[in-house]
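These notes are about the structure you will find just below.
The values are calculated or read from the model by the stated rules, or taken from the named source; none is laboratory data. Since the model is a prediction, treat every value here as computed from it, not as a measurement. In this analysis, Cβ positions are derived from the backbone assuming ideal geometry, glycine residues included, and neighbour counts consider all displayed protein chains.
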């Protein structure tokens, strides 16, 4: 299902977007990245302006997103990753700080930074959310980022 293009998307072939993706859980994060890129290919005439940056894990995503936002090069940023619950409280700490970090990037930089980080109980849930279909959460994060660029442009103008 294709999204309905708006004026930003129609004129957005040069829209610079940064995608920060965690290398941890690559089977899942590669799927999220594929979903995001498929969405961009559907709505933009070219995806040469989509820049992908890989970081070690989910915890590192907010710093890379903030650094990308501070360059002034990007109209939107996606953070893509996956944290799977284990037997220790590590899951809770990583999820809380990653969520807080992405929210902080949005508010501090005013660059739309989309939260595409799966926080799941098991690998099956992660696979279901990163599969090659329209329910892919990477795709949804990409769509949200583009929509927020349009909304913020409308508010500012």
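Key figures
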| read-out | value |
| --- | --- |
| Enumeration of residues in segment 121-139 that are touching a strand residue (DSSP E or B) at 6+ places or on another chain (Cβ under 7 Å) and assigned to a helix (DSSP H, G or I) | 123, 126, 129, 137, 138 |
| Near pairs, Cβ below 7 angstrom, 6+ apart or cross-chain, from segment 34-47 (without any contact (Cβ under 8 Å) to a residue 12 or more places away in the chain) to any residue that is surrounded by fewer than 17 Cβ atoms within 10 Å (Cβ to Cβ) and part of a helix (DSSP H, G or I) | 47/41 |
| Some residue of segment 45-56 being within 24 Å of residue 153 (Cβ to Cβ) and in a helix (DSSP H, G or I) | no |
| Candidate set from segment 124-139 (those that are surrounded by fewer than 14 Cβ atoms within 10 Å (Cβ to Cβ) and free of Cβ contacts under 8 Å to residues at least 60 places away in the same chain); member that is farthest from residue 69 (Cα to Cα) | 124 |
| Hey, residue 34 surrounded by fewer than 13 Cβ atoms within 10 Å (Cβ to Cβ) and outside any strand (DSSP E or B) or not | no |
| Segment 71-92: number of residues that are more than 18 Å from the chain's Cα centre (by Cα) and touching a residue at least 12 places away in the same chain (Cβ under 8 Å) | 2 |
| Residues of segment 14-31 that turn out to be part of a loop (DSSP other than H, G, I, E, B) and under 16 Å from residue 142 (Cβ atoms), as a count | 2 |
| Residue 42, sole failed condition from (1) under 25 Å from residue 127 (Cα atoms); (2) modelled with pLDDT of 95 or more | (2) |
| Filter result for residue 117 (farther than 18 Å from residue 34 by Cβ and within 14 Å of the chain's Cα centre (by Cα)) | no |
| Qualifying residue in segment 89-111 (condition: under 16 Å from residue 145 (Cβ atoms) and part of a strand (DSSP E or B)) | no |
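Yes/no per residue for (1) surrounded by 21 or more Cβ atoms within 10 Å (Cβ to Cβ); (2) at pLDDT below 95; (3) out of contact with any strand residue (DSSP E or B) (no Cβ under 7 Å at 6 or more places or on another chain):
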residue	(1), (2), (3)
5	no, yes, yes
28	yes, no, no
51	no, no, no
81	yes, no, no
111	yes, no, no
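Yes/no matrix, rows are residues, columns are (1) surrounded by fewer than 24 Cβ atoms within 10 Å (Cβ to Cβ); (2) modelled with pLDDT of 95 or more; (3) out of contact with any strand residue (DSSP E or B) (no Cβ under 7 Å at 6 or more places or on another chain):
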| residue | (1), (2), (3) |
| --- | --- |
| 57 | yes, yes, no |
| 69 | yes, yes, no |
| 74 | no, yes, no |
| 78 | no, yes, no |
| 97 | yes, yes, yes |
| 101 | yes, yes, yes |
| 104 | yes, yes, yes |
| 108 | yes, yes, yes |
| 119 | yes, yes, no |
